Amino acid sequence: MRVVSFVCIAVGVLATVLPRDAAAQGSASADELFVGVLMSVGTGGGGLGVATSVRHYPDAQEWKSVSAFAQVQWYAEGGIRVAAGAQGTLSLVGGELGLAYRSGDADHVGTFGLHLAPFVSVDYLSLAWRLTIPLSNARTRWGTDSSFTFGANVPIPLSTTRFDRRFECLAGCLRPLGSS
C-alpha cells in the first residue's frame, strides 16, 4: 500500500510540472519528456527499472533545465525501489534530489530514504552515482545504498519552440572543409 501511495504522489509531482504551451506564455521556453530504462549496481544489489522526467528549459536556446523525475526499479535479489523528486541540468551535468522507498524483505523493513544523484547525461544516455540515505534508524532498515546507474532515454518534445541542437556539433564536424 505504501508503494501505491508513493507512486501516486510521484505522478502528482510530475503533473504539477507538466509544460504549458510556450507560445501562450510569450516565452521561448521549451519542454521535453524523457522515458527510459534504468540499470544499477551497488551496495544495495543490482536492479533494472524505468525512469521518466519532464524537463523545462527556461530558454530553449540554452542547455539549462529544471525537472521532476520518477523511477521504479526491481532488484535481482527481490523487492522494488521507487524514487521521485527534483532534477536540474547544466549542459551535460546535473543532479537529482528526492525521496526514495525500498520495499522490505525477510531481513529488512521497507525504508524511506533521501535520494541524491549527480549525473552526466547526453540526452539519450546517462551515468550517475546514486546515494540513498535512510531516513529511519530502525535496526532492520536498509542501510545507505551507493550505486552506479546507467540509463538509456528517449526524449519526446512537448513544445514546438525547442531549438533542437542535439546534432548541431556533429553536423558541424561533418561539414566539408571550406564550405559555408
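Any read-out appearing in this document is the output of simple, stated calculations on the displayed coordinates, not a laboratory observation. Bear in mind that the values here come from a model prediction, so they are computed numbers and not experimental data.
What does the extension gain come out to for residue 43 and residue 135, with contour length at 0.36 nm per residue minus their alpha carbon separation?
Values: separation 92, 0.36 × 92 = 33.12 nm, distance 1.72 nm.
So the chain would gain 31.4 nm between residue 43 and residue 135.
Let me check against my output: what whole-number percent is the relative contact order of the range 51-117, with C-alpha pairs under 8 Å and at least 6 apart?
Values: 139 pairs, mean separation 15.2, N = 67.
Answer for the range 51-117 is 23 percent.
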Report summary line: HN-Hα couplings for the range 144-157 via Karplus (6.51, -1.76, 1.60; θ = phi - 60°), in whole Hz with x for Gly/Pro, come out as 4, 10, 10, 9, 9, 10, 10, x, 10, 10, 10, x, 10, x
